[in-house]
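As structure tokens, the structure follows; a few thoughts come after it.
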Amino acid sequence: MFNRILALMKKWFPIVLLFLSHLIFAQPRLQKIDAQILQADAFIGYDNFGWRYYIENNIFNKENDEKVLQYKNVALGKIAKTDIQNPLKLVLFYESFNTVVMLDNQLNETQKVKFSDNTVPLVATAVGMASQNRLWIYN
């Protein structure tokens, strides 16, 4: 019985080894679909509507093939963080002034929150969008 098992192992072991090595070392073939050159200080990302977001010279840009929208607020300093999870309500965080600016989809300012002006001042290091028009504040 043992000799039979040994004979089967000698016969099938190279085949199994070859199959497993093919599975382990096989890599998917990647294909380049599209490439674009973007001159920007920071690339933020794309949304589901095909808009691309980036920061250039401290100007927040929203761009597609036909249109470019820009938002600039030099009084608040440099843009530290952005959140584009909800393309209808964008969040910009200015860390040097501890301020959040919320924009609509046309980059109009809808709300500005200065955390230093609260009764209990907060010092935030990052801000993100939460559910129901609320903000995540990280310190």
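The values are calculated or read from the model by the stated rules, or taken from the named source; none is laboratory data. Predicted, not measured: the structure shown is a model, and the values here were computed from it. So basically every Cβ, Gly included, is an ideal-geometry build from the backbone, and we count neighbours across all protein chains shown. Heavy atoms of the whole protein, side chains included, go into the accessibility calculation; ligands, DNA and RNA do not. Shrake-Rupley method; radii C 1.70, N 1.55, O 1.52, S 1.80 Å.
Considering only residues that are in a loop (DSSP other than H, G, I, E, B) and not hydroxyl-bearing (Ser, Thr, Tyr), look in region 117-131 and name the one that is nearest to LEU88 (Cα to Cα).
ALA130
Just to be sure before I move on: is LEU107 hydrophobic (A, V, I, L, M, F, W, C), in a loop (DSSP other than H, G, I, E, B) and open to solvent by 20 Å² or more (accessible area, probe 1.4 Å) in the structure I sent?
no
If you go through region 91-115 one residue at a time, how many are farther than 22 Å from ASN64 by Cβ and of a type in the set (Asp, Glu)?
Selection size over region 91-115: 1.
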